[in-house]
Amino acid sequence: MKIWDPLYECMPREDLEQLQLERLQATVNRVYKSVTCYKKKFDEAGILPEDIRSLDDLAKLPFTTKEDLRLNYPYGMFAVPLREVVRIHSSSGTTGKPTVVGYTKNDIRTWSNLVARFMTSAGVTMDDVVQIAFGYGLFTGAFGLHYGSETIGASVIPMSAGNTEKQIMIMQDYKTTALVSTPSYAITIASRMEQMGIDPKSLSLKVGLFGSEPWSEGMRKEIENRLCLHATDNYGLSEIIGPGVAGDCECNNGMHLYEDAFIPEIIDPDTGEVLPRGSIGELVLTTLTKEAFPMIRYRTRDITSLHYEKCDCGRTLVRMKKTMGRSDDMLIIKGVNVFPSQIEEILFAIEGCEPHYQLVLEREGDVDVLIVRIEVTENIFFDEMKKQKSFVEQVERKLHSVLGVSASVKLVEPSSLPRHEGKAVRVIDNRKR
Amino acid sequence: MLRIKNINTYYGQVHALKNVSLHLNAGEIVSLIGANGAGKTTILNSVSAITPVRDGEILFEGKNIAQLTPDRIVEMGISQVPEGRQVFKDFSVADNLELGAYLRFRAREKRTIIRSDIEDVFTLFPQLAQRKKQMAGTLSGGEQQMLAIGRALMAKPKVLLLDEPSMGLAPLVVQDILRVITRLREEKGTSILLVEQNAKAALKIADRGYVLETGKVLLEEKASELLENKDVQRAYLGKDKKEIWER
């Protein structure tokens, strides 16, 4: 498979670390000079830019959190005057103010090339027709993939999210070969195609680039089977650059994180301490090439692990595991840490289980109760009470053995759970804290 | 080829380079840009040990050269073309070039080989060939610059440190000098660290660049991207100085 930017993607580790140190020192010098928030934070921590003499010294710098971005809303974290910014994106603020990020002309070019890297490793070439079913707007996903495709030279269909039947019609008529969407929307498209009696083999789909929400290996297989394409994962977040932080290669053993542009660390989300290589923890990212919106040790809240062993594809870049969820999505049930993604993984592993589910948390007296709602399909023997009962027991047993807490499974009518065109909301927490 | 890590250089009490890290790959042209006093020349002088570093690493082909003397550094393959040419004005052009091979004479290298290298310099700079018997002081500024480069080449360097080669030269002559720099890289594979006031011209022939300010590196980017960077344009390329957005 082709490698978009072999100079950086396959750089010997020693050269890469020199480049990272140079860029880290330059970034730290720059933010100390031009971003008040960083100057204040460094001063409070008693750190000068000159104290960063090795990559390990990064750990001396204070973290940056979403709260910092909110406090400096809208432009306080920009490192260049607004007139040098050619694009503004924003991430949704579910609580309080949204966060605003900016890009210079060079930042847009850097971003396009980073996206082109993972699209190329997914197999997209200039011969492909890429249908982008991410919502265009303040969200970075659609634009990132759009620029990446154009940089490669593929043909872009900027569909935006929603209007599933039209998406399917365009896929048929325009002979789309690459689909870009959230994994949950890919399932929605597959289900609609089944209802409409369209055989996915009759389409030209070759590859899917799915992202913007955590999804399991099971869901990957499900999408691959139902849409007859090769499903790939990529990772990114608006605060850092958007999509283009990391992406799958053909070896399918984790996403290569573009370390010439970002330095990753894994920390303990509670203590903030940097964890040894290979540990599971919260991903922290520092940007090395951003001009308008540099980020120093940004706490992504995403839970994952990093693996430095050599990859067969030839890239020397570290591999990041699929995100297991967000540290703030982590549910504490009866004192046990549970990630919704673990539950999804379990459900997909059980034969006959549908991808539509919902987690409901209640408190009865002083006890937390986890209810897993699963949509019934013909596979789950809708009309045979006995088989239904044994299916429920099987799922409950499995959940208990993996999670360490008991859950009660409730089967619900087909298509009764809400469908999502953007990011899926699968957890309802009714516990009063 | 050349890898610099956390060097600190002082002029007496003045801390001129603060934790500077940079690298130069084989066959690369890297430009250092920044205002006067930013530390560009100090970086070149630190590498060539004219102003030795107080601490930090300078790795040349994997060996730390930070504590070596200037002549050892030339021997290893790093030559500097100093600011203001500094040719020996009362010596002929040919003698100036021979002096550039001083260490090779000392090492008893065959004179015929050195002579043929002088001919190579004349092929590169035909103007100098016409004036080989002339005193260097009688040459024009552009010719003196060519001579200074030629003299540095006589040591057969793998890395060339060029300090302000276009200073005080007419625009057309500047073009000639820059063309020669590009040719050196293409024909001999020489790696070049280039300090230039004329940032735009330098970035046009460079692969990458570092922006310096008060002894610190502020930016490392592809030369083509630095040309587009508004900060660089405003500060070093002389564009729209006044229009700075006020927070």
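The values are calculated or read from the model by the stated rules, or taken from the named source; none is laboratory data. Not measured: the values here are computed from a predicted model. Ideal geometry is used to build each Cβ from the backbone, glycine not excepted, and the neighbour counts take in all protein chains shown. Calculation scope for accessible area: heavy atoms of the full protein, side chains included, ligands and nucleic acids excluded. Shrake-Rupley method; radii C 1.70, N 1.55, O 1.52, S 1.80 Å.
Where strands (runs of 3 or more DSSP E) sit wholly within the stretch A:275-390, those with at least 3 residues that are open to solvent by 10 Å² or more (accessible area, probe 1.4 Å) and of a type in the set (Val, Ile, Thr) occupy A:367-375. Among the residues of the stretch A:94-141, those identified as within 19 Å of residue A:77 (Cβ to Cβ) and touching a Phe, Trp or Tyr at 6+ places or on another chain (Cβ under 6 Å) are A:97, A:101, A:102.
Picking from residues in the stretch B:139-159 that are open to solvent by 20 Å² or more (accessible area, probe 1.4 Å) and closer than 11 Å to residue B:87 by Cβ, the one that is nearest to the chain's Cα centre (by Cα) is B:151. Has the stretch A:234-251 got any residue that is surrounded by fewer than 24 Cβ atoms within 10 Å (Cβ to Cβ) and without any contact (Cβ under 8 Å) to a residue 60 or more places away in the chain? So far as the stretch A:234-251 goes, no, none of its residues is surrounded by fewer than 24 Cβ atoms within 10 Å (Cβ to Cβ) and without any contact (Cβ under 8 Å) to a residue 60 or more places away in the chain. The residue that is least open to solvent (accessible area, probe 1.4 Å), counting only those in the stretch B:24-52 that are more than 22 Å from residue B:231 (Cβ to Cβ) and within 14 Å of chain A (Cβ to nearest Cβ), is B:24.
Summed over the stretch B:177-197, the residues that are under 13 Å from residue B:40 (Cα atoms) and surrounded by 19 or more Cβ atoms within 10 Å (Cβ to Cβ) give a count of 4.
Considering only the stretch A:55-64, I want to know if a residue exists there that is in contact (Cβ under 8 Å) with a residue 12 or more places away in the chain, at the interface with chain B (Cβ under 10 Å from one of its Cβ atoms) and of a type in the set (Val, Ile, Thr). Talk me through it step by step, then tell me what you get.
Applying the first criterion (in contact (Cβ under 8 Å) with a residue 12 or more places away in the chain) to the stretch A:55-64 yields A:55, A:58-64.
Filter again for at the interface with chain B (Cβ under 10 Å from one of its Cβ atoms), leaving none.
No, the conditions are met nowhere in the stretch A:55-64.
The residues on offer are A:164, A:151, A:182, A:140, and the sole one that is in contact with a His (Cβ under 7 Å, 6 or more places away or on another chain) and of a type outside the set (Phe, Trp, Tyr) is A:140. Being under 30 Å from residue A:270 (Cα atoms), at pLDDT 95 or above and in a loop (DSSP other than H, G, I, E, B) is a property that holds for residue A:62.
Residue-by-condition table, conditions (1) more than 10 Å from chain A (Cβ to nearest Cβ); (2) at pLDDT 95 or above:
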residue	(1), (2)
B:177	yes, no
B:198	yes, no
B:202	yes, no
B:207	yes, yes
B:210	no, yes
B:223	yes, yes
B:231	no, no
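Would you check if residue B:21 is within 12 Å of chain A (Cβ to nearest Cβ) and closer than 23 Å to residue B:164 by Cα? The answer is yes for residue B:21. Return the total of residues in the stretch B:125-138 being open to solvent by less than 20 Å² (accessible area, probe 1.4 Å) and closer than 22 Å to residue B:184 by Cα. The total comes to 2.
Within the stretch B:128-170, which residues are acidic (Asp, Glu) and out of contact with any Leu (no Cβ under 6 Å at 6 or more places or on another chain)? Give the derivation first.
We begin by selecting, within the stretch B:128-170, every residue acidic (Asp, Glu); these are B:143, B:163-164.
Selection gives B:143, B:164.
Which of the residues spanning the stretch A:35-54 are more than 9 Å from every other protein chain (Cβ to nearest Cβ) and assigned to a helix (DSSP H, G or I)? Of everything in the stretch A:35-54, those that are more than 9 Å from every other protein chain (Cβ to nearest Cβ) and assigned to a helix (DSSP H, G or I) turn out to be A:37, A:38, A:39, A:40, A:41, A:42, A:43, A:44, A:45.
Restricting attention to the stretch A:62-74, the residues that are surrounded by fewer than 23 Cβ atoms within 10 Å (Cβ to Cβ) and in contact with a Lys or Arg (Cβ under 7 Å, 6 or more places away or on another chain) add up to 5. Considering the stretch A:2-28, and only residues there that are modelled with pLDDT of 95 or more and more than 21 Å from residue B:24 (Cα to Cα), the residue that is nearest to the other protein chains (Cβ to nearest Cβ) turns out to be A:28.
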